[in-house]
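Visitor: Take this structure, written in structure tokens, and hold onto it; I'll ask about it next.
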């Protein structure tokens, strides 16, 4: 950096008589803000009066062999120094800040301090304890190194103050930076953590939104329609049309279900009646082939009662006449007719 001496120029000799000698204005470079001219006259360095309008006929200007432009403004100057870590593959970068200002431009011009960081870097290199402070730490322990380096630099600058000829220099602060590789790694890890946190946040929002929608839907379609109308997402006329259509569809579905239930009941009753008829016919056929006495009326009542039917009125002979007989019994076989019984079914026919 060009500080505090901004520029240096060699000036040629001015020819002519003493009353006509004048240096051309173009020979002397323009002065930037905050800087002053320092002319070398013989073996001396002389500052052109600050605040005075430049005079090409000034004696120092005419006799000068060179001119230096010296910046006198206060500047914050940063100087870096590399210090080791516990690993040979990694290191720390110490960046010390100094407040600098020129107090004697002629001394600065004589010393030719074009870059003030050169003597300040030498000042930092003179502290042999700095490498020992950082050498016991891993590169990941940069925060601990920052604390120890800050304490060390404060003590070092208090005991051995930085000095640059013609300038006031004051130690301000010290920062420690990790290597570029570690910085890149930490940035990558940071970006990945942020991406994961963002993804988790999005999933949490989706879960909450899903739960809210589920709770909304669980309260019924009317509540959902009302919510949509309140948010201007659903038109009132469309909602009413859909509600009427849904109501009609529900009524029609209930009517069809009732008709199907009635048809099922009728079919079941018909099947049961048919089953009872089949059972009676089957029983009658079996009884017709039976050889023992069968009480038809009792058997029929039992069949109807077991089948869920109603009992039938007792079927028997009319009022007993003097010549009426007791219930008939069937007697198959070759024996003679018994008293009060018929021999075969043909005897039942009058």
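Visitor: Would you check if residue 38 is surrounded by 14 or more Cβ atoms within 10 Å (Cβ to Cβ) and either touching a helix residue (DSSP H, G or I) at 6+ places or on another chain (Cβ under 7 Å) or assigned to a loop (DSSP other than H, G, I, E, B) (or both)?
Guide: Working: surrounded by 14 or more Cβ atoms within 10 Å (Cβ to Cβ): yes; either touching a helix residue (DSSP H, G or I) at 6+ places or on another chain (Cβ under 7 Å) or assigned to a loop (DSSP other than H, G, I, E, B) (or both): yes.
It is true that residue 38 is surrounded by 14 or more Cβ atoms within 10 Å (Cβ to Cβ) and either touching a helix residue (DSSP H, G or I) at 6+ places or on another chain (Cβ under 7 Å) or assigned to a loop (DSSP other than H, G, I, E, B) (or both).
Visitor: Please work out if residue 107 is part of a helix (DSSP H, G or I), touching a residue at least 40 places away in the same chain (Cβ under 8 Å) and more than 30 Å from residue 44 (Cβ to Cβ).
Guide: no
Visitor: A further question on this structure: Which condition breaks for residue 80 when tested against (1) assigned by TED's automatic domain parsing to the domain that holds residue 155; (2) farther than 26 Å from residue 122 by Cα?
Guide: Going through (1) assigned by TED's automatic domain parsing to the domain that holds residue 155; (2) farther than 26 Å from residue 122 by Cα one by one, residue 80 breaks only (2).
Conditions (1) within 28 Å of residue 150 (Cα to Cα); (2) in a helix (DSSP H, G or I); (3) modelled with pLDDT under 90, marked per residue:
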| position | (1), (2), (3) |
| --- | --- |
| 49 | no, no, yes |
| 54 | no, no, yes |
| 83 | yes, no, no |
| 87 | yes, no, yes |
| 94 | yes, no, no |
| 127 | yes, no, no |
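Visitor: May I pose another question? Condition first: buried (at least 19 other Cβ atoms within 10 Å of the Cβ) and either more than 30 Å from residue 129 (Cα to Cα) or over 43 Å from the mean Cα position of the chain (by Cα) (or both). Can you find one or more residues in segment 81-98 that meet it?
Guide: Within segment 81-98, one or more residues are buried (at least 19 other Cβ atoms within 10 Å of the Cβ) and either more than 30 Å from residue 129 (Cα to Cα) or over 43 Å from the mean Cα position of the chain (by Cα) (or both).
Visitor: Mind listing whichever residues of segment 56-72 are within 17 Å of residue 112 (Cα to Cα) and either assigned to a loop (DSSP other than H, G, I, E, B) or free of Cβ contacts under 8 Å to residues at least 40 places away in the same chain (or both)?
Guide: Of everything in segment 56-72, those that are within 17 Å of residue 112 (Cα to Cα) and either assigned to a loop (DSSP other than H, G, I, E, B) or free of Cβ contacts under 8 Å to residues at least 40 places away in the same chain (or both) turn out to be 64, 65, 72.
Visitor: Let me ask something additional. Report yes if some residue within segment 70-77 is under 20 Å from residue 177 (Cα atoms) and at pLDDT 95 or above; otherwise report no.
Guide: Yes; the residues of segment 70-77 include at least one that is under 20 Å from residue 177 (Cα atoms) and at pLDDT 95 or above.
Visitor: Here's something else I'd like to know. Take the residues in segment 100-114 that are surrounded by 15 or more Cβ atoms within 10 Å (Cβ to Cβ) and under 16 Å from residue 76 (Cβ atoms); name whichever of them is farthest from the chain's Cα centre (by Cα).
Guide: 102
The values are calculated or read from the model by the stated rules, or taken from the named source; none is laboratory data. Because the structure is a prediction, the values reported are computed rather than measured. So basically every Cβ, Gly included, is an ideal-geometry build from the backbone, and we count neighbours across all protein chains shown.
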